[in-house]
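Participant: Quick one: the structure is below, and I'll ask about it shortly.
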């Protein structure tokens, strides 16, 4: 399954995304607000706290959950992105989208340890 252009635009233009990884028992973790960026025809999130982020650890356990942003609500799979060329594009997407935000928040999102937690959101 892929994102529609309308979904990509709506979520990609949203300032924030609510992410809820699924627990082993099938319930969802309480939604956490994160920044989301669009790169080409994909959507990405990163954990500000790196691998120490609770939502990130939960996302890695089951690799699925639910996201809401820009009026779109969707079940997704979480796919860790480790392609350095793609990650460079995601860095640029973060810098461009959040250029009006304080660099104290933006700079950590394009550096370690957040960069190592890049997750591609894949609709289910």
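Quick note: the coordinates plus some simple rules give every number you see, no bench work behind them. Note that the coordinates shown come from a computational prediction; the quantities given were computed from them, not determined experimentally. Cβ coordinates were reconstructed from backbone atoms using ideal geometry, including for glycine residues, and neighbour counts include every protein chain displayed.
Participant: As a footprinting exposure proxy, order 47, 112 by other Cβ within 10 Å, with the fewest listed first.
Facilitator: Values: 47 25, 112 9.
Ascending Cβ contact count within 10 Å gives the list 112, 47.
Participant: Under the 0.36 nm per residue contour assumption, what length would be gained going from the current alpha-carbon distance of residue 83 and residue 101 to full extension? Can you show the working numbers first?
Facilitator: Working: separation 18, 0.36 × 18 = 6.48 nm, distance 2.62 nm.
Value of the extension gain: 3.9 nm.
Participant: Which residue fluctuates most in the GNM of the chain (Cα springs below 10 Å): 103, 68, 33?
Facilitator: Between 103, 68, 33, it is 103 that shows the largest mean-square fluctuation.
Participant: On to the next question. To the nearest 500 deg cm²/dmol, what mean residue ellipticity at 222 nm is calculated for the chain from DSSP H runs of n ≥ 4 alone, each contributing -39,500 (n - 2.57), summed and divided by the residues? Mind showing how you got there, number by number?
Facilitator: Numbers: 4 runs with 39 residues, N = 124.
It comes out at -9000 deg cm²/dmol, rounded to the nearest 500.
Participant: Over the chain, what portion of Cα pair distances is larger than 24 Å, expressed as a whole percent? Kindly include the intermediate steps, with their values, before the conclusion.
Facilitator: Working: 1404 of 7626 pairs.
Looking at the chain, the distances longer than 24 Å represent 18 percent of pairs.
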